[in-house]
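Undergrad: Provided herewith is a single structure, encoded as structure tokens, for subsequent inquiry.
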Amino acid sequence: MSKLIKICALNDIRPLGSRIVELPGISAGPVAIFRTADNDVFAVEDRCPHKQGPLSQGIVHGKSVTCPLHNWVIGLENGEAAAPDVGCAKSYAVKIQDDDVYLEAAVDETQQVAVNE
Amino acid sequence: MNMMMTNSPKQLQKQRLVLIGNGMAGVRTIEEVLKANPELFDITIFGAEPHGNYNRIMLSPVLAGEKTINEIMLNDDDWYAENNITLHKGKTVTKIDRVKRQVIADDGTVAGYDRLLLATGANPFILPIPGADLPGVITFRDIHDVDQMLAAASEHQKAVVIGGGLLGLEAAKGLATQGMDVTVVHLMDTLMERQLDETAAKLLQQSLEEQGLEFLTGAETEAITGEDRVTGIKFKDGTEFATDIVVMAVGIKPNKALAEKAGIHCERGIVVNDTMQTYDPSVYAVGECVQHRKNTYGLVAPLFEQGKICANHLVNKCVLRYLGSVTSTKLKVTGIDLFSAGDFTGDDTTEEIVLRDPGRNVYKKLVIKDDRIQGGVMYGDTVDGAWYFQLMRDEIDVSDLRDSLLFGKAHLGNSGHGEQNQISGMDNAAEVCGCNGVCKGDIVQAITDKKLFTLEDVRTQTKASASCGSCTGLVEQILASTVGGDYSETPNEKPLCPCTDHTHEEVRRVILENDLKTIPATMRFLEWRQPDGCAKCRPALNYYLLCAWPADYKDDGQSRFINERVHANIQKDGTYSVIPRMWGGTTTPDELRAIADVADKFNIPDVKVTGGQRINLLGVKKEDLPAAWADLNEAGMVSGHAYGKSLRTVKTCVGSEWCRFGVQDSTALGVALEKALWGSWTPHKFKAAVSGCPRNCAESTIKDFGVVAVESGWELHVGGNGGTKVRATDLLGKVKTVEEVLEYARAFIQFYREDAHYLERTVHWLERVGLSIVKERIVENAELRKEYAERFIFSQKYAQFDPWQEQVSNEKATRDYEHLKLVRKLAS
């Protein structure tokens, strides 16, 4: 059983940009919410599998982000590093409804999370 | 029912591509085709040898017992299967029927084609002498030949290699390693005469003799003697001696027989145009069998280039052209460093620069014509071979480098890999890349295991030379000696990034010529492969556009690296550093108090003085940045741009105001210079300094633009660097007044802004374009200098604002610094 948690309005994130959100109970650290040029939205933990760089601060291109610390390219759909680098950042399911961004989480995970109206 | 028609099987049928020749050039072309469009063709490959595609240039190490056949396989059976390629191993195509568009193999296999690719390679040249067909006469071309040589080495003792070229010497060394007594017979007086001059050839012969080979030069073979098999060899001068095997390595000739029989136009090889197409438009050809613009090629780099271009046309993209290749040679014999390229003999119209150091066993020669390198030979120390080769292919004017050219690029000041300049004596555990901690052994292993051929591949896979780049020469050398006689060079016309084939220059020119004023418009116009590019091209385009259209271009923050987007420097833990500007390195008690207050108020953990005479607040949380800036703004301070590809600092000494040696007011000039240059975006960071006397306490001679006061005025220095590679500036000239200093500085920085590639420091830009052109435009031509300076002043009108204040006063912008907030507790 999963639940939708409203994170923000789509327009709170710039196209090709990202914002950070804390989701205690779901993720130990901050989660980066990315918006692509095509207005797809993805959520990935804000921690590069290489040296923990904040992915939210990278340059977004296609469905990827380039980590600002050492230029690893992380796929936004699944958090996987592009070859030849190997590693994976945790990714989360998100969806857009009526121009708002929602995170899908299991109900038992959402106990500690606040939500937006 | 009409819907069914559009899905008719006829339209779904793929085109048929047939490759004849399962070797490196052909299979590389197929790989490029698959990369560009994996769905376009049904692919069939015929190979006469009973193997998959293997790395032919690695046959020498196999012969020497340093590698096994399995280790040199490039494409195994699984690869063909995974890519749905029908492979006919061990089948020789004997006929091409161009009317029916079919190829027919010796076992009767028939395959139809829509496009045919010929990559039939080359055959060894056999001397037309008596006895050439005796058992025991072996060529050196494929796995079968190597097997024969290895078998002979286990049964016999004496070997003769005819041919003292690259291949012959590698064969000789291999057989000697297998325990045979080897004599190399060479028609010419010196070895490898097509790649080496006499001096280098003698050095090579000497060192090979020390390794146990014997040589007979200037010897013309008359016959190979023996009844049932080889027993001896006889020369024109009547001498004769006994041998058990003869390896014939006198050269190769393009294998054009099949094409010729099919009526495809051939001369020395199969003639192709710049798209690798033969005279039959549906037939293409690549590799050693090809003749392009009168040339044939036998090294791997040109063949791979041909493959890339051929594939581009096979998949109907049709933008690339093959213009021929300049090649370099590296001998792949353990313990010998040898490099040659281009015209190394010269003539009446050329000059030679030679370095000979018998003690170190080093010999280097460069042949120069009209200030351009025509070619060169290097023996003993080849670390700069790749650099010379690049200077040669890019036709760089070397007149400014002449005095130190032979000492090489790596001879001074490169940090990060100790004193290592020669890789042959280097231990596998020796660190090559100090930035990423990569050892020689790691690189060699990656090259062999992952089958790498290019510097770019090695960089991507191992990270060696991928950061500061100071070890590039070493990595190229390791690559060259591991993959052997030749390797793919990074092309001289480098595309801006993998999203495009266009170079930096082309992109800049097109932006200006076509009034392109946004990143998407530029990408559309130049048919970028990715709709929003990548982290490499977007910042470059953003810079090129704002440099081209200072008044009109709307800066795209999302295309800037994070530091320039948030006007602070990201640290390894994701916090930021904040550095306010201190004009010319000067400050006041009030400013210091404000900085101290900000450090207290925002719990900033570290405060450090920088090398550029500023104060650095380290460990600021992103969400605190706007508030910290507001406080600094309040005290009259602005952004120091310590994070940007922009003017960083103008460092000064105290000068004549205080110093007993100072001859001019360097501090005041430094402040004026900084006020003139701050705020401008540049291709890379730009540092300046002003010293009040030639004691040069501000270290002006390692800055992008350095000024040194002398009694009669100011010396202007450019292109210095204090980083990875220490490089002292070149003297641009001398001027009398402060106004002149400012005009020259503005003109120089503007020329750099308009001409350099994005992320190219002034040092690399100057080494590429030469100091002469800078002097020509900035010093000798007053009118041009004024134009550059005026263009800079114009662009500064739009660049000189404080980005901190702009961010603080813009609510929409400050929002980006905050975390998204989730406000209401979820009802449990």
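Undergrad: If you wrap a convex hull around the C-alpha atoms of chain B and split its volume per residue, what is the figure in Å³?
TA: 237
Undergrad: Averaged across B:451-461, how many Cβ atoms of other chains sit within 10 Å of each residue's Cβ atom?
TA: 1
Undergrad: For region B:711-798, what does the alpha-carbon gyration tensor say about shape, rounded, prolate or oblate, given a ≥ b ≥ c as the root eigenvalues, a/c under 1.5 as rounded, and a/b over b/c as prolate? Could the numbers behind the result be given before it?
TA: On the way: a/c = 1.66, a/b = 1.16, b/c = 1.43.
Note, shape of region B:711-798 comes out oblate.
Undergrad: Compute the angle between helix B:589-601 and the longest alpha-carbon principal axis of chain B, please, reported from 0 to 90 degrees and rounded to the nearest 10.
TA: 70
Undergrad: If you count only protein heavy atoms with a 1.4 Å probe, what accessible area per residue comes out for the protein assembly as shown, rounded to a whole Å²? Kindly include the intermediate steps, with their values, before the conclusion.
TA: On the way: 41510 Å² over 945 residues.
So the protein assembly as shown comes to 44 Å² accessible per residue, rounded to a whole number.
Undergrad: Could you tell me what percent of the DSSP beta bridges with both partners in the protein assembly as shown are antiparallel, to the nearest 5?
TA: Given both bridge residues lie in the protein assembly as shown, the antiparallel proportion sits at roughly 70 percent.
Undergrad: Which whole number gives the average, over all residues in A:49-56, of C-beta atoms from other chains lying within 10 Å of the residue C-beta?
TA: 3
Undergrad: Just grab the label-to-label distance for B:S809 and B:E739, each label 7 Å out from Cα along the Cβ direction, in nm (one decimal).
TA: 3.3
Undergrad: Using Cα positions and a limit of under 18 Å, work out the aspartates and glutamates in reach of B:K14, with same-chain residues fewer than 8 apart set aside.
TA: Reachable aspartates and glutamates: B:E31, B:E32, B:E39, B:D42, B:E82, B:D114.
Undergrad: Name the shape class, rounded, prolate or oblate, that the alpha-carbon gyration tensor gives for the protein assembly as shown, where a ≥ b ≥ c are the square roots of its eigenvalues, rounded holds for a/c under 1.5, and otherwise prolate holds if a/b is larger than b/c and oblate otherwise.
TA: Since a/c reaches 1.5 but b/c is at least a/b, the shape of the protein assembly as shown is classed as oblate.
Undergrad: Okay, moving on. Between B:D606 and residues 5 or more places away or on another chain, which pairs have amide H atoms under 5 Å apart, with H built 1.01 Å from N, and which residues are they?
TA: So B:D606 has HN proximity to B:L618.
Undergrad: Restricting to region B:649-799, compute how many DSSP beta bridges are antiparallel as a %, nearest 5.
TA: The antiparallel fraction comes to roughly 65 percent.
Undergrad: Return the whole-Å distance between the Cα centroid of region B:162-227 and the Cα centroid of region B:662-680.
TA: 65
Undergrad: Then there's this: Listed highest first by mean packing, meaning other Cβ atoms within 10 Å per residue, what order do B:712-720, B:127-135 come in?
TA: Per-residue Cβ counts within 10 Å, averaged per peptide and sorted highest first, yield B:712-720, B:127-135.
Undergrad: Taking the Cα centre of chain A as the origin and placing charges on Cβ (Lys, Arg +1; Asp, Glu -1), which of A:T36, A:G53, A:A89 is farthest toward the positive end of the dipole?
TA: Sorting the options by dipole projection puts first A:G53.
Undergrad: Cα gyration tensor of region B:504-560, axes a ≥ b ≥ c as square roots of the eigenvalues: rounded (a/c below 1.5), prolate (a/b > b/c) or oblate?
TA: Oblate, since a/c reaches 1.5 and b/c is not below a/b.
Undergrad: Considering amide H positions built from the backbone, and no H for Pro or chain starts, which residues 5 or more places from A:A9, or on another chain, come under 5 Å of its amide H?
TA: Answer set, sorted by chain and number: A:V101.
Undergrad: Enumerate the calculated ³J(HN,Hα) couplings along region B:648-665 in order (Karplus 6.51 cos²θ - 1.76 cosθ + 1.60, θ = phi - 60°), each rounded to whole Hz, writing x wherever the residue is Gly or Pro.
TA: 8, 9, 10, 7, 9, 9, 6, x, 5, 4, 10, 6, 6, 9, x, 10, 9, 7
Undergrad: Give the aspartates and glutamates whose C-alpha is closer than 15 Å to that of A:K6, dropping any in the same chain fewer than 8 places away, or say none.
TA: The qualifying aspartates and glutamates are A:E22, A:D98, A:D99, A:D100, A:E104, A:E109, A:E117.
Undergrad: For chain B, find the longest principal axis of its Cα atoms and tell me its angle to the long axis of helix B:440-449, 0 to 90°, nearest 10.
TA: With rounding to tens, the tilt is 50 degrees.
Undergrad: Select from region B:231-289 those GluC sites (Glu not before Pro) which occupy a DSSP coil region and have at most 14 other Cβ atoms within 10 Å, ordered by residue number.
TA: B:E267
Undergrad: Ok, one more. For the cross-link pairs B:K253/B:K451; A:K63/B:K675; A:K51/B:K651; B:K685/B:K736; B:K91/B:K450; B:K308/B:K536, which exceed 32 Å when the distance is taken from alpha carbon to alpha carbon?
TA: Numbers: B:K253/B:K451 27 Å; A:K63/B:K675 42 Å; A:K51/B:K651 34 Å; B:K685/B:K736 27 Å; B:K91/B:K450 28 Å; B:K308/B:K536 23 Å.
Long pairs (Cα-Cα over 32 Å): A:K63/B:K675; A:K51/B:K651.
Undergrad: Taking all protein chains as present, what is the carbon and sulfur share of the accessible area of chain B, in % to the nearest whole number, probe 1.4 Å?
TA: 49
Undergrad: Something else now. Would you please give the FRET efficiency between B:D106 and B:K35, computed as 1/(1 + (r/R0)^6) with r the Cβ-Cβ distance and R0 = 35 Å, to the nearest 0.05?
TA: 0.65
Undergrad: Hey, if we sort B:H292, B:H757, B:H764 by accessible area with the 1.4 Å probe, largest down, what's the order?
TA: On the way: B:H292 0, B:H757 40, B:H764 85 Å².
Sorted descending by solvent-accessible area, the residues read B:H764, B:H757, B:H292.
Undergrad: Taking the Cα atoms only, what angle lies between the long axis of helix B:166-177 and the longest principal axis of chain B, rounded to 10 degrees?
TA: Helix B:166-177 sits at roughly 80 degrees to that axis.
Undergrad: Turning to a different aspect of this structure: Let me check something: with ligands and nucleic acids excluded, how do B:V671, B:V741 order by accessible area (1.4 Å probe), largest to smallest?
TA: B:V671, B:V741
Undergrad: For the pairing of chain B with chain A, what total accessible surface becomes buried, with a 1.4 angstrom probe, in square angstrom to the nearest 100? Please list the in-between numbers first.
TA: Working: alone 38040 and 6560 Å², together 41510 Å².
Looking at B and A, the buried total is near 3100 Å².
Undergrad: Heavy-atom accessible surface, probe 1.4 Å, ligands and DNA/RNA ignored: which residues of region B:512-558 lose at least 20 Å² versus the isolated chain?
TA: B:D532, B:A535, B:R538, B:Q558
Undergrad: Need one value for A:18-26: mean number of C-beta atoms belonging to other chains within 10 Å of its residues' C-beta atoms.
TA: 3
Undergrad: If you don't mind, another one. Can you compute the equivalent ellipsoid semi-axes for region A:2-108, i.e. the square root of 5 times each eigenvalue of the Cα gyration tensor, sorted largest first and rounded to whole Å? Before the final figure, lay out the partial values.
TA: On the way: eigenvalues 91, 50, 25 Å².
So the three semi-axes of region A:2-108 are 21, 16, 11 Å.
Undergrad: How about B:K517: which aspartates and glutamates have a C-alpha closer than 17 Å to its C-alpha, ignoring those fewer than 8 places off in the same chain?
TA: Of all the aspartates and glutamates, those that pass the test against B:K517 - Cα under 17 Å, at least 8 places apart if same chain - are B:E505, B:E506, B:E527, B:D532, B:D552, B:D555, B:D556, B:E754.
Undergrad: A further question on this structure: Under a crude label model (7 Å from the Cα following the beta-carbon direction), how far is B:E783 from A:R14 in nanometres?
TA: 4.3
The values are calculated or read from the model by the stated rules, or taken from the named source; none is laboratory data. Keep in mind the model is a prediction, meaning the values are calculated, not measured. Here the Cβ is made from the backbone with ideal geometry for all residues, glycine too, and neighbour counts use every protein chain on show. When the accessible area is computed, the model is the full protein with side chains, heavy atoms only, and any ligands, DNA or RNA have been set aside. Shrake-Rupley method; radii C 1.70, N 1.55, O 1.52, S 1.80 Å.
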